[in-house]
Amino acid sequence: MRETFFYLMIILLFFIFFIPRSFSKDITVDELKRLLEERKNGKEKFILIDVRTEEEHKEGHIPGTDLNIPHDKIEDINNIVRDKQTKLILYCRSGRRSEIAKETLKKLGYKNVINAGGIKDWKYEIQKGKSNNFLR
């Protein structure tokens, strides 16, 4: 009985720590697409941030991305966005880095941070090339 319990615990720990999981995104790609359209029409206001590296961003990013700030430098946003109530929507490749960036921003006092998940789920047009809004 103990041996079975031990093996079950090992399997459980394996799944918890080593199997990629769906990261807790707050909105779907369809919702993000709708928000981008509403922003074009002046009905929504937010800043869309790609938290991947500059190289990943150049390979392709969501049209309408306002900033490219790598997740490990996200605290530098204090230099750009001083209003902690500003709606910030984050994305990366899979959703993991955007979740990390979201937690960092919440610790910095930002109140309206949304994880849109990963660009790998984006089924719409991708814009290639460097954005003018890269923040190191």
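The values are calculated or read from the model by the stated rules, or taken from the named source; none is laboratory data. Small disclaimer: the values here were computed from a predicted structure and weren't measured. Virtual Cβ from ideal backbone geometry, glycine too; neighbours counted across all protein chains shown. Quick note on the areas: whole protein, heavy atoms, side chains included, nothing else; ligands and nucleic acids left out. Shrake-Rupley method; radii C 1.70, N 1.55, O 1.52, S 1.80 Å.
A few comments on the model shown:
- For the stretch 68-136, the Cα gyration tensor yields ellipsoid semi-axes of 20, 14, 11 Å (square root of five times each eigenvalue, largest first, whole Å).
- Length available on full extension from N41 to T28: 0.36 nm per residue minus the Cα-Cα distance, which gives 2.7 nm.
- Cα-centred dipole magnitude for the stretch 40-136, charges only on beta-carbon of K, R (+1) and D, E (-1), debye, nearest 20: 260 debye
- If you model the stretch 30-71 as an ellipsoid using its alpha carbon gyration tensor, with each semi-axis the square root of five times an eigenvalue, the axes come out at 22, 10, 8 Å, biggest first.
- Expressed as a whole percent, the accessible surface of the stretch 20-136 that belongs to carbon and sulfur atoms is 45, based on a 1.4 Å probe.
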